[in-house]
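Notes follow once the structure below has been shown.
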Amino acid sequence: MTSLWLIRGVRPYGEDPVDLLLRDGAIAEVGVGLVAKDAEVLDAGGLIALPGLVDLHTHLREPGREDAETVQTGSRAAALGGFTAVHAMANTDPVADTAGVVEQVWRLGREAGLVDVAPVGAVTVGLAGTQLAELGAMADSPARVRVFSDDGFCVADPALMRRALEYVKAFDGVIAQHAEEPRLTQGAQMHEGVLSARLGLAGWPSVAEEAIIARDVLLAAHVGSRLHVCHVSTRGSVDIVARAKADGVAVTCEVTPHHLLLTDEYVTGYDPLFKVNPPLRTADDVDALRAGLADGTIDAIATDHAPHAMEDKECEWAMARPGMLGLEQALSVAVEAMIETGLLDWRGLADRMSVRPARIGQLDGHGQPLEVGRPANLVLVDPDVRRVVSSADLASRARNTPYAQRELPARVVATFLRGRPTVLDGKAQR
Ligand code: DOR
Ligand code: ZN
């Protein structure tokens, strides 16, 4: 099957307008005044083109919690958010700790056909933190797993973490750590600080995150392996990663959209929509996260898209599950936090939301520059509109967005996966 699209007058990375010709899954021509007989034409005047976004951290909930999200519904949410690839976290039921489960998730992704779904493998059997999972078998499976994580839980045992780091060196894999010293967060409900004291909620101290990151960069340096830190949320975490990078440690890290925009002030209404792990932090932390993302200490924005069923969120604070949706609003939040503040330009945003996450996850064909011969994975964004988020309009099966009723900038108009539109005029194509 052939496909031929002529995208007229689009601004790659927000720069000068050009035409893009997409043929057979690749960018075939870039130039002004292109003509192509039989091409489908998309007039993209005023739109910005970026390489398709890549998410390092998505919870798709299948298998096991299809009432909260499925690979199909999560893939639609991702495509609508401008993503062409997502990493599906391993904390499913059953856990993605064998070649069989990761292959199943990978196949479901192919069937949905809207984004490339790259399964993350669990580090330990059942996420129990005691026995290493079959990392090699998952790496060798058709799903070609390269990212391993017990996300939701920390690999707290330092000996196990060391062995995992050593093991993945054989296939240049990476351990993505959910950095949380469990002994310091027992019963924790929100960020530990002035507000937790006033609200009477048990605190989740910054040091519980920072202590694990400090330990793990030392372990990664010791064994000469690659460490990725999930959802860094504190100023101290950014400082530790900056120091490790300066020392030459192979460490990368990510920040979520919500940690770039929201603070622990939102907890004052006790609305579980704002309960998340790691918790929303202070305005000073938000400033440090934005600065760290701008200067490259933080490599990537990753959504930590965490869909939850209604009964797990519409309950009292202490009973509610942590986590919030992210895929559909990630780009808009990034524009508000990073572009509108002048901290990043569009090329910088493409680097943090596509180029670097694709490299960290070793996804060939994603995060490539918009130039002739590259795979036609791209997103077209209208930067000039502002829209009020309505949770009723989400493609996700879940409704737990923290952005409901909030006005955010920018809109994904189209997404192309290997030259075919997965989203056109803001609507998913499957
Ligand atoms: O808030 C969170 N939700 N943090 C995690 O680490 C896991 C995630 C989930 O799976 O819901
Ligand atoms: Zn996590």
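The figures follow:
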{"item": "From the options Arg386, Arg430, Arg347, Arg418, residue that is crowded, with 16+ Cβ neighbours inside 10 Å and either charged (D, E, K, R) or within 25 Å of Ser149 (Cβ to Cβ) (or both)", "result": "Arg418"}
{"item": "Among (1) under 17 Å from Ala404 (Cβ atoms); (2) away from ligand 2 (no atom under 16 Å from the Cβ) - the single one Pro257 does not satisfy", "result": "(2)"}
{"item": "Number of positions in region 282-308 that are assigned to a loop (DSSP other than H, G, I, E, B) and either at positive phi or within 20 Å of the chain's Cα centre (by Cα) (or both)", "result": "10"}
{"item": "Condition met for Pro279 (over 29 Å from Gly367 (Cβ atoms) and either within 18 Å of the chain's Cα centre (by Cα) or away from ligand 2 (no atom under 16 Å from the Cβ) (or both))", "result": "yes"}
{"item": "Region 124-147, residues that are within 20 Å of Val86 (Cβ to Cβ), touching a helix residue (DSSP H, G or I) at 6+ places or on another chain (Cβ under 6 Å) and of a type outside the set (A, V, I, L, M)", "result": "Ser141, Pro142"}
{"item": "Qualifying residue in region 327-349 (condition: under 19 Å from Leu199 (Cβ atoms) and assigned to a loop (DSSP other than H, G, I, E, B))", "result": "no"}
{"item": "Residue among His259, His191, His231 that alone is at pLDDT 95 or above, on the phi > 0 side of the Ramachandran plot and within 16 Å of ligand 1 (Cβ to nearest atom)", "result": "His231"}
{"item": "Members of region 165-184 that are touching a residue at least 40 places away in the same chain (Cβ under 8 Å), touching a helix residue (DSSP H, G or I) at 6+ places or on another chain (Cβ under 8 Å) and within 16 Å of ligand 1 (Cβ to nearest atom)", "result": "Ile175, Gln177, Ala179, Glu180"}
{"item": "Of all residues in region 188-243 being in a loop (DSSP other than H, G, I, E, B) and within 23 Å of the chain's Cα centre (by Cα), the one that is surrounded by the fewest Cβ atoms within 10 Å (Cβ to Cβ)", "result": "Arg226"}
{"item": "Residue among Pro357, Pro402 that alone is part of a loop (DSSP other than H, G, I, E, B) and either under 16 Å from the mean Cα position of the chain (by Cα) or not hydrophobic (A, V, I, L, M, F, W, C) (or both)", "result": "Pro402"}
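The values are calculated or read from the model by the stated rules, or taken from the named source; none is laboratory data. All values reported here derive from a predicted model rather than from experimental measurement. Virtual Cβ from ideal backbone geometry, glycine too; neighbours counted across all protein chains shown.
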